[in-house]
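Nothing in this text is a laboratory measurement; each read-out follows from the coordinates by a stated rule. Just so you know, these numbers come straight off a predicted model, no measurement behind them. Reconstructed Cβ throughout: ideal geometry from the backbone, glycine too, with neighbour counts over all protein chains shown.
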Amino acid sequence: MTQLAGHTSAPAPVRTGRLPAPLALLRPGQWPKNLLVVPLALLGGAPDATTAVRVAVALGAFVLASSLVYVLNDIADVERDKRHPVKRHRPLASGQMSMASAVATALVLGALLVPALLTLGPGSALIILLYLAVNGAYSWKLKHLPLLDVFVVAAGFVLRLLGGYEAAERPVEMWLVLTVLASCLVLILGKRRHELSVSGTGHRPALVGYSAHFLDLVLVLCSALSLFGYLLYLRTESGFGPYALLTAVCALFALFRYLQIVIVDGGGGEPVKTLLRDRVMLANSAVWGALLVPHLVL
């Protein structure tokens, strides 16, 4: 706490980083969230060219929508971010971009999103608009409410998946939806646990409703629900053969590894980086993919 107090009394250093400030404001490091979720709607079978294009457009629309959410969130939280040891280096909080520039960026993103929504049609457009509304409510109030904060973020991932189904014009597979919801809760709760251990409750008011012990309990609960949903998806909805159940071992290993990173190593502060950079996770994902490919192409 003493170190944090020292930071508030001195001006925050400007860190340019590797990305230009306007691009950094869009959080391109978070775009893989869309890539990891939206195309899951295609697991049921290889798409034709038209379906693939529609899903690609939906993916691009969610990238624009999520970037818009990040910009609006940074605008709303600029003063709080200035007091955070990491977030104070963001373009708006550090002074690399002005408030007017950030507002202009949000307007440009909104303008680019409109033709994508018109291309996708009313169903997908409604889902993406609902995604924006949910995240707007999150930035305004819900992120300060314990439990609601994590469920709202997880709902954003479920909406991404539903957007993929709508774009692909395929029926929603509810066990896969449950798996995505529970898996996202695991990642978000792990992030909350890391935040609680590193910076306490000062930066994120919702953290007052959590403790490390409570988060450990719900992490295990959501992990079990995630594995249960995946097993039922494989058996009842996927259309894969019985040997696809072997991939459940990879799912279990991935959950064990993530819990190890969060609880033993004290990590998990950036779930996307954990999934995409941890060597053990990547090796497990490669085996998982190799086991699934025969079922996807047959």
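Semi-axes of the equivalent ellipsoid for the stretch 60-219, computed as √(5λ) from the eigenvalues of its C-alpha gyration tensor and ordered from largest down, come to 28, 24, 10 Å. When the Gaussian network model of the chain links Cα atoms closer than 10 Å, the mean-square fluctuations of L217, L132, L159 top out at L217. Among the trypsin sites (Lys or Arg not before Pro) in the stretch 134-223, those placed in a DSSP loop whose Cβ has at most 15 other Cβ atoms within 10 Å are K141. Normalising the average separation of contacting C-alpha pairs (under 8 angstrom, six or more residues apart) by the number of residues puts the relative contact order of the stretch 48-162 at 28 percent.
Straight-line reach from K143: taking Cα to Cα under 17 Å and skipping same-chain neighbours fewer than 8 places apart, the lysines in range are K87, K191. Average projection, convex hull of the Cα set of the stretch 24-102: 6.1 square nanometres. In order along the stretch 80-90, the phi-based Karplus estimate (6.51 cos²θ - 1.76 cosθ + 1.60, θ = phi - 60°) of 3J(HN,Hα) comes to 5, 5, 4, 9, 8, x, 10, 5, 5, 8, 5 Hz; Gly and Pro are listed as x. Within the set of other residues whose C-beta is less than 15 Å from the C-beta of L145, count the net charge using Lys and Arg as +1 and Asp and Glu as -1. Cβ neighbours under 15 Å give a net charge of +3. Partners of K33 within straight-line reach, counting aspartates and glutamates whose Cα lies under 13 Å from its Cα and excluding those fewer than 8 residues away in the same chain: E270.
Here, P(r) means the percent of Cα pairs in each 10 Å bin from 0 to the largest distance; for the chain it is 6, 25, 34, 25, 9, 1, 0. For the pair E270 and A290, label points projected 7 Å from Cα toward Cβ lie 2.9 nm apart. Rounded to whole numbers, the Karplus 3J(HN,Hα) couplings from phi for the stretch 135-151 are 6, x, 5, 4, 5, 6, 9, 5, 5, 8, 9, x, 6, 4, 4, 6, 5 Hz, using 6.51 cos²θ - 1.76 cosθ + 1.60 with θ = phi - 60°, and x at Gly and Pro. Here the Karplus relation 6.51 cos²θ - 1.76 cosθ + 1.60, evaluated at θ = phi - 60°, turns the backbone of the stretch 56-61 into coupling constants of 5, 5, 4, 4, x, 5 Hz, with x for every Gly and Pro. Neighbours of A168, meaning other residues whose beta-carbon lies under 12 angstrom from its beta-carbon, give a summed charge of -2 when Lys and Arg score +1 and Asp and Glu score -1. Please label the shape of the stretch 87-168 as rounded, prolate or oblate, based on the square roots a ≥ b ≥ c of the eigenvalues of the alpha-carbon gyration tensor (a/c under 1.5 means rounded; beyond that, a/b larger than b/c means prolate, else oblate). Oblate, because a/c is 1.5 or more while a/b does not exceed b/c. What you get for the chain, charging only the Cβ of Lys and Arg (+1) and of Asp and Glu (-1), is a dipole of about 740 debye around the Cα centre. Mean residue ellipticity, 222 nm, helices only, the chain: the sum of -39500 (n - 2.57) across DSSP H runs of n ≥ 4, divided by residue count and rounded to 500, is -22500 deg cm²/dmol. With the gyration tensor restricted to C-alpha atoms of the stretch 188-298, the semi-axes of the equivalent ellipsoid amount to 31, 15, 10 Å, longest first.
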